[in-house]
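Enquirer: Before I ask anything, let me first share the structure, which is written out below as structure tokens.
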Amino acid sequence: MSARDRLAGKARRRTTVSVALQDATEAAAAVAEAERAVYLAQAAGEETGEINRLGDVVEAAQAALDACHVTVEFQALAPAEWEGQQLDFVGKDGGIDQEKWQQNLPLLAAACAVDEDLQDEDFWREQLTGGTWSFGEVIALGRKLLSLNTSGPDARVPFA
């Protein structure tokens, strides 16, 4: 396949955001403890059946840890879409107007969401202003979406 053909098939950049649904401290500790038990059993030469049983404990602990988070995938907007979006939060000086940015972040999140069920501005507004997201989580999401749409990919990281 030629470079021209490959470039014609270029996809828009995507990123994921892991959203903590609850404190995962205990679940992460349980995974570490279960993995340690497997390591110790292997080092002690335990029977395969016991190691497999402990492996099942690791899997269950990992599933409990995974349930503490949800991963949301976002895709960069097409240039024309981005142009329309950025006009909603660019200030008179050409910089980002923080107040407008906060007001329009739900719109941007909905526009960039890959999952059709999450392409709802009202849902994102409720999420981001409902009191369950910390100020830092809202800022982190905003930065991630801004970077997705305004920055080029890091040349050191392979495009996935």
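The values are calculated or read from the model by the stated rules, or taken from the named source; none is laboratory data. Remember, it's a predicted structure, so these values are computed and weren't measured experimentally. Here the Cβ positions follow ideal geometry from the backbone for every residue, glycine too, while neighbour counts run over all protein chains shown. Heavy atoms of the whole protein, side chains included, go into the accessibility calculation; ligands, DNA and RNA do not. Shrake-Rupley method; radii C 1.70, N 1.55, O 1.52, S 1.80 Å.
Enquirer: Suppose every Lys and Arg Cβ carries +1 and every Asp and Glu Cβ carries -1, with no other charges. What dipole size does the stretch 1-131 come out with about its Cα centre, to the nearest 20 debye?
Expert: 780 debye
Enquirer: Sequence-distant or interchain residues sharing an amide H contact under 5 Å with ARG13, placed H: which?
Expert: Placed amide hydrogens put ALA76 under 5 Å from ARG13.
Enquirer: Just going by the charge dipole of the chain, with Lys and Arg at +1 and Asp and Glu at -1 on Cβ, which of GLY94, SER134, ALA61 is farthest out on the positive end?
Expert: GLY94
Enquirer: Here's something else I'd like to know. Quote the accessible area belonging to GLU50 in square angstrom, nearest 10, computed with a 1.4 Å probe and with ligands, DNA and RNA left uncounted.
Expert: Estimated to the nearest 10 Å², GLU50 gives 60 Å².
Enquirer: Based on the Kirkwood radius over alpha-carbon pairs, what value in µm²/s does the Stokes-Einstein equation return for the translational diffusion coefficient of the stretch 1-61 at 25 °C and 0.890 mPa s?
Expert: The Stokes-Einstein estimate is 161 µm²/s.
Enquirer: Could you derive backbone 3J(HN,Hα) for the stretch 136-144 from the dihedral phi with the Karplus parameters 6.51, -1.76 and 1.60 (θ = phi - 60°), listing whole Hz in sequence and x where the residue is Gly or Pro?
Expert: So the Karplus estimates, Gly and Pro as x, are x, 5, 5, 4, 4, 4, x, 5, 5 Hz.
Enquirer: Give the cross-link partners of LYS10 among the lysines, using a straight C-alpha distance below 27 Å as the criterion and excluding same-chain residues fewer than 8 apart.
Expert: Correct list for LYS10: LYS144.
Enquirer: For the stretch 104-116, in order, what is each residue's ³J(HN,Hα) by Karplus, 6.51 cos²θ - 1.76 cosθ + 1.60 with θ = phi - 60°, in whole Hz (x at glycine and Pro)?
Expert: 9, 4, x, 5, 5, 4, 5, 5, 8, 4, 7, 5, 4
Enquirer: What does the extension gain come out to for GLN98 and GLU47, with contour length at 0.36 nm per residue minus their alpha carbon separation?
Expert: 12.3 nm is the gain from fully extending GLN98 to GLU47.
Enquirer: Which one, (1) 16.5; (2) 19.0; (3) 15.9, gives Kirkwood radius over Cα pairs in Å as derived from the coordinates shown?
Expert: Computed from these coordinates, Kirkwood radius over Cα pairs in Å corresponds to label (2).
Enquirer: Below 8 Å, C-alpha to C-alpha, sequence gap of six or more: please give me the relative contact order for the stretch 31-160 in percent.
Expert: 19 percent
Enquirer: Leaving ligands, DNA and RNA out of it, report the carbon-plus-sulfur percent of the accessible area of the chain at a 1.4 Å probe.
Expert: Of the solvent-accessible surface of the chain, carbon and sulfur hold 51 percent.
Enquirer: In addition: If I ignore ligands, DNA and RNA and count only protein heavy atoms, how much of ASP56 is accessible to a 1.4 Å probe, in Å² to the nearest 10?
Expert: 100 Å²
Enquirer: In terms of solvent-accessible area of protein heavy atoms at a 1.4 angstrom probe, what is the ranking of LEU145, LEU118, highest value first?
Expert: Ranked from most to least accessible, the order is LEU118, LEU145.
Enquirer: Hey, which aspartates and glutamates would be in cross-link range of LYS100, C-alpha to C-alpha under 17 Å, not counting anything within fewer than 8 residues on its own chain?
Expert: GLU83, ASP88, GLU121, ASP122, GLU126
Enquirer: Cβ neighbours within 10 Å, averaged per peptide: list 40-46, 102-108, 63-69 in order, most packed at the top.
Expert: Descending packing order for the listed peptides: 102-108, 63-69, 40-46.
Enquirer: Of THR48, TRP82, ALA3, whose Cα points farthest to the positive end of the dipole of the stretch 1-90 (charges on the beta-carbon: +1 Lys, Arg; -1 Asp, Glu; origin at the Cα centre)?
Expert: Ranked along the dipole, the leading option is ALA3.
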